[in-house]
1. Given Leu201, Leu176, which one is more than 18 Å from Thr18 (Cα to Cα) and in contact with a helix residue (DSSP H, G or I) (Cβ under 8 Å, 6 or more places away or on another chain)?
2. Just checking: which of the helices (runs of 4 or more DSSP H) contained wholly in segment 37-125 hold 3 or more residues that are out of contact with any strand residue (DSSP E or B) (no Cβ under 8 Å at 6 or more places or on another chain), surrounded by fewer than 20 Cβ atoms within 10 Å (Cβ to Cβ) and of a type in the set (Lys, Arg)?
3. Name, by its number, the condition in (1) under 27 Å from the mean Cα position of the chain (by Cα); (2) modelled with pLDDT under 90; (3) hydrophobic (A, V, I, L, M, F, W, C); (4) surrounded by 13 or more Cβ atoms within 10 Å (Cβ to Cβ) that does not hold for Leu171.
4. Give the residues of segment 177-192 that are free of Cβ contacts under 8 Å to residues at least 60 places away in the same chain, touching an Asp or Glu at 6+ places or on another chain (Cβ under 9 Å) and more than 19 Å from Gly125 (Cα to Cα), sorted by residue number.
5. Would you pick out the residues in segment 190-218 that are surrounded by 18 or more Cβ atoms within 10 Å (Cβ to Cβ) and not in a helix (DSSP H, G or I)?
6. Within segment 43-75, take every residue that is touching a residue at least 24 places away in the same chain (Cβ under 8 Å) and of a type outside the set (A, V, I, L, M, F, W, C) and give me the one that is farthest from Ala119 (Cα to Cα).
7. Could you run through segment 236-264 and say how many residues are within 19 Å of Ala90 (Cα to Cα) and touching a residue at least 60 places away in the same chain (Cβ under 8 Å)?
8. For Gly152, all conditions in the list (1) part of a helix (DSSP H, G or I); (2) over 29 Å from Leu24 (Cα atoms); (3) in contact (Cβ under 8 Å) with a residue 40 or more places away in the chain hold save one; what is the number of the exception?
Amino acid sequence: MSALPVSPVTLALLAAATILVALLPVYLYRRWRKPFALDRRDAIAGIAVFALTAMVIERALNDYLLRTNAITSEWLSDPLSFVVYGALAAGICEEVGRFVAMRWLARRKPHDTDRDGTALAYGLGHGGAEVWLVGVLVQAQWIAFGVLENRGQLDAYLGNMPAGSLMRSHLLLASLAPALAGVFVIERVAALVFQIGLSVLMWRGVRAGSRAILPIAIAAHALIDVPAAMSQAGLLPLTIVDAIYAIAAIAVAAVLIRLHRRASSAA
């Protein structure tokens, strides 16, 4: 390995991108708190649901079906099967949790029908938890590994890691480039926008008493996850995935803005 396998410029840009993404949900909550009468308990509900459904239930399900169970792991080794499973698993786990939470919140707020403040706060909690747990903490770990690699201390720090895994870590660090900072920002901001959009969709459906809102939300969530699953299965380049997510996030944000303006003009 070279003495400096990770460019200091790359590390600086990744650190700046990580800080930006980490602060975004906090900034949006503070900015929207008064105009939309956000309640921190709604945001906490979103954080709790994401932590339970995505980080506990979905991960346990993936570990069993993709690794522990020989029959399902062999079946899901097919790229198309993996894409279908990955998209549906995320959609079902998270949206069932969101549906249950929204039903509970609706019972707590029987007269809150005019604004989407509950959905926005919940979405910032759910999406913010994803930003932090799936994005920021993981990215911060790799930045720390990059610093240790440049100091020649990574092997000692990861001394208990198997040789194959350690070599993969070295190779991944050597492949880091400044452009990945932009990729990280696009992916995490898009994910936050999608979570807010799904929360508004679910909240309006629950408030309207729609029986179809849960399957609709599951289908929407699964559709969002298809490009990422295709990338993981080697069926779609990461650049195409990021372009899809950037365009989709702009479209979702435009719809949310339009809904807000419509609601404000009707009030």
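The values are calculated or read from the model by the stated rules, or taken from the named source; none is laboratory data. Just so it is clear, the structure is predicted and the values come from calculations on it, not from any experiment. Heads up, the Cβs are rebuilt from the backbone with ideal geometry, glycines too, and the neighbour counts pull from every protein chain shown.
1. Numbers: Leu176 fails: more than 18 Å from Thr18 (Cα to Cα).
Within the list Leu201, Leu176, the selection yields Leu201.
2. On the way: elements: 40-52, 58-63, 70-75, 79-108.
Ranges flagged: 79-108.
3. Condition (4) is where Leu171 drops out.
4. Keep residues of segment 177-192 that are free of Cβ contacts under 8 Å to residues at least 60 places away in the same chain, which gives 179, 183, 187, 190.
Next, from what is left, pick out any that are touching an Asp or Glu at 6+ places or on another chain (Cβ under 9 Å): 183, 187, 190.
Hit for segment 177-192 is Val183, nothing else.
5. So in segment 190-218, the residues surrounded by 18 or more Cβ atoms within 10 Å (Cβ to Cβ) come out as 190-203, 205-207, 213-214, 217-218.
Correct list: empty.
6. Within segment 43-75, the match that is farthest from Ala119 (Cα to Cα) is Asn62.
7. Selection size over segment 236-264: 1.
8. (1)
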